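Structure record follows, encoded as structure tokens.
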Amino acid sequence: MKKQEPKHVTKHLFITGGVVSSLGKGITAASIALLLRQRGYRVRLQKLDPYINVDPGTMSPYEHGEVFVTDDGAETDLDLGHYERFADLSCSRASNVTSGRIYLTVIERERRGDYLGKTVQVIPHITDEIKNAIRSLDGDDVDIAITEIGGTAGDIESLPFLEAIRQYRQEIGPQNGLFIHLTLVPYLRAAQEMKTKPSQQSVGILREIGIIPDILICRCEHALGEEHLSKLALFCNVRRDLVIEERDVAQTIYEVPLELARQELDTYLLEMLGLHVRELRLEAWRAFVQRVVAPRERTCEIAVVGKYTRLKDAYKSIYEALDHAAVAHGVGLRLRPIESTDIEARGAAALLDGVDGILVPGGFGDRGIEGKIAAVAYARERGLPFLGICLGMQCAVIEFARHVAGLEGANSQEFDASTPHPVIHLMAEQEHLENLGGTMRLGAWPCRLADGTRAAAAYGAAEISERHRHRYEVNNDYRERLEAAGMVLSGTSPDGRLVEAIELPEHPWFVACQFHPEFTSRPLKAHPLFLGLVGAAAGRTAGTAAKP
Ligand code: GLN
């Protein structure tokens, strides 16, 4: 008789947070994913967000930080960026689910009549839908699914999520699911003491709803002494060896996985889940971290001219991608974030003097646009390496149209509906849309790069795929005039209809793209366009690049 293969089971890890927000749950989840991947396991990640927006797509970056876009076109939380960068995998729509999405599904179902006769309630209907979202990660191609619960234990709005993971683990059993609680052990300077009480209380809150953490990860500023570790174990009901310390890392968040590996967190996890502890291959990651922390002789300074520069998280992936490129080139990176409205007030030269390269990122709305256009002009005229991304490319086209192609008053219809030269205009399929949520041109689309262009050389490929998030595009009626004036349309959609990338061949390095390369840059695989920008900028500091 043929022996039956044992049925594949996807194991689950649930990560909750306690005491305060911003503890770095995302980085911890991402670090665990990296370790498990490097032990040869297939991992999927997911973040459950307790807010009512269906997705963060319509939120201001000031509210929420960057909106991260997945290949399949979901607008998601920036923690997914950490997931992708650490674990080098591609997230999907299933990787970020909000309360709003859950409620929308349940309410739509109620309107269809699917619950006829029933009262629709948080328990079981909302919690069932949350469990469906968790279960959607299961598959023959997934060994371990990691679900991070947004918010902090004790928040009213995260209660249904906690109840759902409690039920879920009850159903799959402790050999198939583990609770990891991330908590804060603060240091009180006046008392010169580390305090474990907040963690005890936060575990107490979880216990009240029936969750007993299997593993406690303690964020702390200073090393925890044995007395703290055993106290936490005793009062939080966690095995002493499963109280893990996650101290503030000195130089780079990419050290976190190494710290967790040092304490063998991944080994414990695998043992508790009954999975084979395979060899851990961290050499490449370790070497990368060494390159990050090693002193770098040369340094270049890149200005990022945006309108949310006061919040570091608003351009998270861009800053990370610049870092990856700088590490790959072995040059130090100084970032100069500049508010484009400040350029409008004080002039480009006052703010951009001395930089080696300029990046204009994506954005929406007309605030600060003229400042961005002035920054593009500054880069173009002085031969400063330039990378424009999405809105940044649109600004580059407007600047070139106005100042080189002689199209006075050229603009995007987004900022000036009655411009005489709408060089950037609304995409045809956007014209009759009523809803703003989730209706942009989103996700990965193929792009064809023209032979002999800088973009094609940077990628070393003619066909690429990149992620998008926009409503406006280059107006094809202006293509000829832009090209006649010297702009090269280096990338288009395969059918040639949409301009996806432009460049200026006479300039040392002036490249812009309609898509968002920052989302696919990885620590060990810096993105070609960021490598191009930083390489050209670093070349200037070394005095090797062509000067204007
Ligand atoms: N606002 C522009 C558009 O919708 C650019 C979008 C972006 O930069 N992500 O096309």
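Taking 28, 119 and ordering them by how much accessible surface each has at a 1.4 Å probe, largest first, produces 119, 28.
Note on residue 189 and residue 350: the extension gain reaches 53.8 nm, defined as 0.36 nm multiplied by sequence separation minus the Cα-Cα distance.
Once the other residues with Cβ under 14 Å from the Cβ of residue 369 are scored (Lys, Arg +1; Asp, Glu -1), what is the net sum? Once all neighbours under 14 Å are counted, the net charge is -4. Gyration tensor over the Cα atoms of the stretch 432-504: the corresponding equivalent ellipsoid has semi-axes (square roots of 5 times the eigenvalues, largest first) of 24, 17, 8 Å. Here the spin labels are modelled as points 7 Å beyond Cα on the Cα-Cβ line, and at residue 8 and residue 123 they lie 3.4 nm apart. When peptides 337-350, 73-86 are sorted by average Cβ neighbour count within 10 Å, with the highest value leading, the order is 73-86, 337-350.
Shape summary of the stretch 75-129, radius of gyration then Dmax from alpha carbon positions: 15.3, 47 Å. With respect to the chain, whose longest principal axis is taken over its alpha-carbon atoms, helix 197-208 is tilted by about 70°. Take the Cα of residue 281, step 7 Å toward its Cβ, do the same at residue 209, and the gap between the two points is 3.9 nm. In the chain, the DSSP-assigned H stretches of four residues or longer account for a calculated mean residue ellipticity at 222 nm of -10500 deg cm²/dmol, using -39500 (n - 2.57) per stretch and the full residue count as denominator. Ordered by solvent-accessible area of protein heavy atoms (1.4 Å probe), largest first, the residues 470, 228 come out as 228, 470.
With the whole protein complex present, residue 11 retains an accessible surface near 20 Å², based on a 1.4 Å probe.
The C-alpha atoms of the chain define a longest principal axis, and helix 99-112 lies at about 80 degrees to it.
A 1.4 Å probe, protein heavy atoms only, puts the accessible area of residue 197 near 120 Å². What's the whole-number percent of alpha carbon pairs in the stretch 347-386 lying beyond 17 angstrom? Above the 17 Å cut-off, the stretch 347-386 has 24 percent of its Cα pairs. The convex hull drawn around the Cα atoms of the stretch 32-180, when projected onto a plane and averaged over every direction, covers 10.0 nm².
The relative contact order of the chain comes to 15 percent, based on Cα pairs under 8 Å that sit 6 or more residues apart.
For the peptides 365-372, 286-293, 533-540, the ranking by packing is 533-540, 365-372, 286-293, with the highest mean count of neighbouring Cβ atoms within 10 Å listed first. The length gained on full extension between residue 264 and residue 226, counted as 0.36 nm times the residue separation minus their Cα-Cα distance, comes to 12.0 nm.
Listed cross-link partners 47/312; 25/372; 25/231; 25/525 are compared with a 26 Å cut-off, the Cα-Cα value being larger for 25/372. Using the beta-carbon distance between residue 141 and residue 170 and R0 = 35 Å, what value does 1/(1 + (r/R0)^6) give for FRET efficiency, to the nearest 0.05? Efficiency for this residue pair is about 0.85.
Our Cα-only numbers for the chain put the radius of gyration and Dmax at 25.2, 82 Å.
What number comes out for the charge environment of residue 202, summing +1 per Lys or Arg and -1 per Asp or Glu over other residues with Cβ under 14 Å away? After counting each charged neighbour, the total is +3. For the Cα atoms of the chain, what angle does the longest principal axis make with the long axis of helix 528-542, in degrees from 0 to 90, nearest 10? Around 60 degrees separate the two axes.
Scoring 353-362, 518-527 by mean Cβ neighbours within 10 Å over their residues and listing the highest first yields 353-362, 518-527. Note on the chain: with neighbouring protein chains present and a 1.4 Å probe, carbon and sulfur make up 49 percent of its accessible heavy-atom surface. Here, the stretch 221-262 is characterised by an Rg to Rh ratio of 1.03, where Rg is the alpha-carbon radius of gyration and Rh the Kirkwood radius.
Accessible surface area normalised per residue over the stretch 359-446 is 38 Å², counting heavy atoms of protein chains with a 1.4 Å rolling probe. Approximating the spin labels as points 7 Å out from Cα along Cα→Cβ, the residue 381-to-residue 408 distance works out to 1.8 nm. Using the Cα coordinates of the stretch 305-396, the gyration tensor eigenvalues translate into equivalent-ellipsoid semi-axes of 20, 15, 12 Å, sorted from longest to shortest. Positive contributions from Lys and Arg (+1) and negative ones from Asp and Glu (-1), summed over other residues with Cβ under 13 Å from the Cβ of residue 140, come out at -1. What you get for the chain, charging only the Cβ of Lys and Arg (+1) and of Asp and Glu (-1), is a dipole of about 1160 debye around the Cα centre.
The values are calculated or read from the model by the stated rules, or taken from the named source; none is laboratory data. The structure presented is a predicted model; accordingly, all values stated were derived computationally and were not measured. Quick reminder, even Gly has a Cβ in these numbers, built from the backbone with ideal geometry, and neighbours come from all protein chains shown. Only protein heavy atoms, including side chains, enter the accessible area calculation; ligands, DNA and RNA are left aside. Shrake-Rupley method; radii C 1.70, N 1.55, O 1.52, S 1.80 Å.
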